[in-house]
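Taken together, the values in this text are just the output of simple stated rules run on the coordinates, not laboratory data. Values in this document were obtained by computation on a predicted structure and should not be read as measured data. Counting neighbours? That spans all protein chains shown, and the Cβs are built from the backbone with ideal geometry, glycine included.
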Amino acid sequence: MTTPGRLSVDSEGKVRGNVAINYNDPWPCVNGRLGVTGTMSGVLEHTMVANLPSCIASFNNPSRQASAHFGIAQDGTVHQFGPLGRGWEAWHAMAANATWYGIELADDGNPNNPLTDAQIAASAQVVECLSAFAGFPLQVTDSVTGHGYGTHSMGGAAWGGHTCPDLPPKHVRSAQRPAIIDLAKLIRASTRTPLPSGRCHADGHTSLAGLAQRQGCGVPDIWWSTAAGMAAADNTGFGDLQRPYMAAGQWDALMPSGMILWLP
Ligand SMILES: [Zn+2]
């Protein structure tokens, strides 16, 4: 499977990019409210116990008082119910509504059905987009005080007391979150733009192998241009940060913060 494309949020709060996505009509969905501000902790996985058309019908019925930010059909089609970053709250998990995004996933009526490959791919795109947009980490969390991709059920009674997004003892669908997060990380890594060539400083969170991947070159290319750059700049050769890193020869180890490199 090729890595799905990275999504972004436009000025109306709609998610755009290389994914099949529809926007709720009316926009936003009636079940929700505007005027909510604050930091988002992450996103919650839900299951529809249905398919996408009946979920859309239900969320557009004012008497239901229920909604989510996104629904995802078994074929991977995404439906967005309301805007991101516009103070719109979806009604998906009671006390969690103001601080967690919600994604409803079609299960064809049975929460023991696993997510399809298409749902995993679309989920990875949406979760990566939400994480980048709201600044929460790409990780699984099972704690209401955590950050990342959680579940409706982890909130207990305060979040509605649901078993959602699956059923014990199997918990098939919540156990698929690590696969979604892994794919989301691949999406992010594969679409990062290269840094400009020339002198730069390691940030303490990047390996040389990771940097070479981002630059689309080989590790030796970075060493050659660093040697040339240092010679041209001050003719002192490799310094106290480069020498031990180079001697260790472990290119997937994090480079020390402040280590100077010249990128080709
Ligand atoms: Zn739920």
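Worth a mention:
- Taking every alpha-carbon pair under 8 Å whose residues sit at least 6 apart, the range 1-105 reaches a relative contact order of 36 percent.
- Close amide H contacts of Ile21 (hydrogens built in the peptide plane, cut-off under 5 Å, sequence separation of 5 or more or a different chain): Val78.
- The separation of the range 64-88 from the range 181-222, counted between C-alpha centres, amounts to 33 Å.
- Share, in percent, of DSSP beta bridges within the chain that are antiparallel, nearest 5: 40 percent
- For the chain, the longest principal axis of the Cα atoms and the long axis of helix 177-190 meet at an angle of about 40 degrees.
- Here the residues Glu45, Glu128, ranked from fewest to most Cβ neighbours within 10 Å of their Cβ, fall in the order Glu128, Glu45.
- Local charge for Val49 was computed over the other residues whose Cβ lies under 12 Å away, with Lys and Arg +1 and Asp and Glu -1, and equals -3.
- Phi angles of the range 12-28 translate, via the Karplus equation with coefficients 6.51, -1.76, 1.60 and θ = phi - 60°, into HN-Hα couplings of 8, x, 9, 7, 10, x, 7, 8, 6, 9, 10, 10, 4, 10, x, 10, x Hz per residue; Gly and Pro are given as x.
- Counting only alpha carbon atoms, the long axis of helix 219-233 and the longest principal axis of the chain meet at about 50°.
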